[in-house]
Structures are given as structure tokens and as C-alpha cells.
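Following: one structure in C-alpha cells, then a few remarks.
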Amino acid sequence: MGNVLDRALVRVLPAIPTPIVRKVSNRYIAGPTLDDACRVVRELNEAGKMATIDVLGEHIDEPEQARALVREHDQVLDAIERNGLDSTVSVKLTALGLSIDRALCLENTEDVVKHAAESGNFVRIDMEESTHTTQTLEIYRELRGRGYDNVGVVLQSRLRRTLRDIRSLADLKPNVRLCKGIYLEPPLIAYQGYQEVRDNFVAALDLLLDGGSYVGIATHDEWLIEQSLERVRGMEPEEYEFQMLLGVRPLRGDKLVRDGHRLRIYTPYGQRWREYSMRRLQENPKIAGYILADLFGINGS
Ligand SMILES: Cc1cc2nc3c(=O)[nH]c(=O)nc-3n(C[C@H](O)[C@H](O)[C@H](O)COP(=O)(O)OP(=O)(O)OC[C@H]3O[C@@H](n4cnc5c(N)ncnc54)[C@H](O)[C@@H]3O)c2cc1C
């Protein structure tokens, strides 16, 4: 899908009626409620896939909004336990107050991680724009320093700093989700070439595996999946996992599971599905191309 066409599509997207955006986002979002998320996770589990639940609602201005999100995560963790689901949770630090006050964010995140620890669950801290990378990694280190092992971070191979970050986190043997990075970042700090981002992904994966990290290999890129498969050959299935987004390349995911690999599906839910979809589209116009391709039935393998 050409870049120009992607961008053109993004410009017309706000004009697309809500029912159409809803139809498109239906595939990528479990639904508006926690019950929707539980239903979708149960279906994924029945198909041999694990999940991680993401509560939609990223931009907040008030401490009380962040507290409300902590309470919502409490409900998610309780629902996972009550329903016996195989799912972790993924959190965004800006949703827990990072842009308001770092100490508040740390406190909120610790609450979620503590609750997860009590129910034997795990919290993945999503990675956001590069302006938040340093603070996100600091908060991760702080939580590990407070004795929490049930927490992991995300590193983005698009960023030039990522190999350095892996080296500086090495003493923690971090549990890392490795992805390309959804946010378009400037050339000074981020690789721009498609293959450069891939090569850095492979280098990061090698470094993480060498250091004994548990890695969630989060990609739908066939070349990277093949490269990763070569690297995990001979490892036990419990020593790594693949990760994909809900609705993206489900058939490829099925094959990974059939071949004996663990696969976790990122499962967003929430009322703010339209905002989420539009923001994803604006951040990375390539997604618009995927959606258009979806509408014409080009994707799905
Ligand atoms: C489980 C998971 C968690 C993630 N967490 C984060 C995070 O915390 N922070 C962050 O910055 N990024 C995150 N990402 C997004 C990631 O950084 C990439 O932007 C995204 O996965 C696309 O990169 P790719 O490796 O799949 O390669 P691409 O080259 O972008 O995609 C390869 C192929 O996959 C298909 N595809 C990919 N994405 C889509 C889509 N949305 N819809 C339809 N088809 C698609 C297309 O066929 C495409 O050709 C996450 C991704 C996954 C899978």
C-alpha cells in the first residue's frame, strides 16, 4: 500500500461515519465492556492462545482519571482470576498519570502490579512515544527494585537507543516484549528504513536471548517471524512467546500454535474504541493501508 494513498486515506477518515469505523475496529477491539474482553479471551484460550488485556483510554489530565483506571485494572485482574482466563494485563503509564506526575504514576502502577502479584498475574508496561521512554524504563527499574518480578517492559526496535537500553537493563534480566514501535519518530532518534528497523529487531532479540531474558516476540512481519523462529530453535516453549494484535494475521497465529509455540494476543477493550482507532491511524498511516487491504480481503493469512 503506497504511503501517499495511506496518508490520503487518513485525511478522509474523520469523515467516515461511525458505523463504518466501528465495523472496521470490531476486528481489532474486543468490544466496549470487560465482559466483551472476557468473552474474546475465552475464545482465544480455547484456541490455544494466551492473551493480554488492554483497557482503552490513554489520554488523561486529572489524577482522579488515573485512579479510575487503577480501579478498572483491579476489575480486569479480578475478572481474569474469577473466570480462570489465561491472560495478563497491559498498561500504559500515561493512562496511570505519567504526564501529570511521575510519583503518582509510580504509585498507581505499583498498585496494579501488587494486585496482579496477589493473584499470580503479570503486568506488561506498554511503551509509548519516545518522550516517555526514559521515565518508563526508570519506573520499571524502580518496581523491580521494590521486589516485583511480575512486571515487564516493551522495547521498540525503531529506536536507535534500544540496544543500549537492553545493555543497561541487563542486570535485571528483564522480561521484554520486543516490537518495532507504532509511533513515528524523527530520524535523529529512530531508524527510518523498513529493513533497518527489522535488522535492529533481530539484533535486539539476539542480545536479549543471550542475556537470558524472556522475550515476547511481537510482530506480524513474516520475515521477522522466520528470523525469530531460527533463533528460538532448541529452546523450550516456556522460554519465549510470540505476540500478535487481536484480528491481525490470525491464521499465521494458528500455525504458530499448531507448531508448538506459545502465542499471546493483545486484546483491547473499552468505550473509547473510536478514539483509539483514529489515533492509531493518525500515528501510523500504514495502518490505514492495512484496513483498506482488509476491506478488499488482501490480509488475514
Ligand atoms: C502484541 C503487540 C503489542 C504491541 N505493543 C506495542 C507497544 O507497547 N508499543 C508500541 O510502540 N508498539 C506496540 N506494538 C505495535 C508494533 O510496534 C508494530 O507497530 C506493529 O506490530 C506492526 O509491526 P509489525 O512488526 O507487525 O510489522 P509491519 O511491517 O508493520 O507489519 C507486517 C504485516 O503485518 C500485518 N499487519 C501489521 N499490523 C497490522 C494491523 N494493525 N492491521 C492489519 N494488519 C497488520 C500486515 O500484513 C503487514 O504487512 C505491539 C504489537 C504487538 C503485536
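The values are calculated or read from the model by the stated rules, or taken from the named source; none is laboratory data. What you are looking at is a predicted structure, and each value in this text was computed from that prediction instead of being measured. All Cβ positions, even for glycine, are placed from backbone atoms using ideal geometry, and neighbour counts span all protein chains on display. Note: areas computed on protein heavy atoms with side chains; ligands, DNA, RNA excluded. Shrake-Rupley method; radii C 1.70, N 1.55, O 1.52, S 1.80 Å.
Inside region 185-206, residues that are of a type in the set (S, T, N, Q), surrounded by 12 or more Cβ atoms within 10 Å (Cβ to Cβ) and outside any helix (DSSP H, G or I) make up a count of 0. Can you find a residue in region 10-33 that is open to solvent by 70 Å² or more (accessible area, probe 1.4 Å), more than 19 Å from ARG124 (Cβ to Cβ) and modelled with pLDDT of 95 or more? Checked region 10-33: no residue is open to solvent by 70 Å² or more (accessible area, probe 1.4 Å), more than 19 Å from ARG124 (Cβ to Cβ) and modelled with pLDDT of 95 or more. Among the candidates GLY57, GLY97, the residue that is in contact with a Cys (Cβ under 6 Å, 6 or more places away or on another chain) and either farther than 22 Å from PRO237 by Cβ or not β-branched (Val, Ile, Thr) (or both) is uniquely GLY97. For region 207-216, state whether one or more residues are in a loop (DSSP other than H, G, I, E, B), at positive phi and within 9 Å of the ligand (Cβ to nearest atom). No. When you scan region 135-152, do you find a residue that is within 10 Å of the ligand (Cβ to nearest atom) and free of Cβ contacts under 8 Å to residues at least 60 places away in the same chain, even just one? Yes: one or more hits. On the basis of being more than 12 Å from the ligand (Cβ to nearest atom), of a type in the set (D, E, K, R) and either modelled with pLDDT of 75 or more or in contact with a Lys or Arg (Cβ under 9 Å, 6 or more places away or on another chain) (or both), does ARG258 make the cut? So ARG258 passes the test. May I ask you to list the residues in region 76-95 that are touching a strand residue (DSSP E or B) at 6+ places or on another chain (Cβ under 9 Å) and not in a strand (DSSP E or B)? If the condition is that a residue be touching a strand residue (DSSP E or B) at 6+ places or on another chain (Cβ under 9 Å) and not in a strand (DSSP E or B), then VAL76, LEU77, ALA79, ILE80, LEU85, ASP86, LYS92, LEU93, ALA95 are the ones that fit. Being more than 11 Å from the ligand (Cβ to nearest atom) and either within 19 Å of the chain's Cα centre (by Cα) or in a loop (DSSP other than H, G, I, E, B) (or both) is true of ASP165. Within region 221-249, the set of residues being open to solvent by 50 Å² or more (accessible area, probe 1.4 Å), touching a Lys or Arg at 6+ places or on another chain (Cβ under 9 Å) and within 16 Å of the ligand (Cβ to nearest atom) comprises GLU222, TRP223.
Scanning region 43-79 for residues that are open to solvent by 60 Å² or more (accessible area, probe 1.4 Å) and closer than 20 Å to LEU251 by Cβ returns GLU43, GLU46.
Is it the case that GLU128 is among the charged types (D, E, K, R), away from the ligand (no atom under 14 Å from the Cβ) and not in a strand (DSSP E or B)? In short, no.
Conditions tested, residue by residue: (1) more than 24 Å from LEU245 (Cβ to Cβ); (2) surrounded by fewer than 15 Cβ atoms within 10 Å (Cβ to Cβ).
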position: GLU118; (1), (2): yes, yes
position: SER130; (1), (2): no, no
position: GLN135; (1), (2): yes, no
position: TYR140; (1), (2): no, no
position: ASP149; (1), (2): yes, yes
position: GLY152; (1), (2): no, no
position: THR162; (1), (2): no, no
position: ILE166; (1), (2): no, no
position: VAL176; (1), (2): no, no
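Within region 179-202, not a single residue is modelled with pLDDT of 95 or more, at positive phi, more than 21 Å from the chain's Cα centre (by Cα) and not acidic (Asp, Glu). With respect to being buried (at least 21 other Cβ atoms within 10 Å of the Cβ), touching a residue at least 60 places away in the same chain (Cβ under 8 Å) and within 15 Å of the ligand (Cβ to nearest atom), GLY181 falls outside the description. Taking region 203-225 as the range and being touching a Cys at 6+ places or on another chain (Cβ under 7 Å) and among the small types (Gly, Ala, Ser) as the test, only ALA218 passes.
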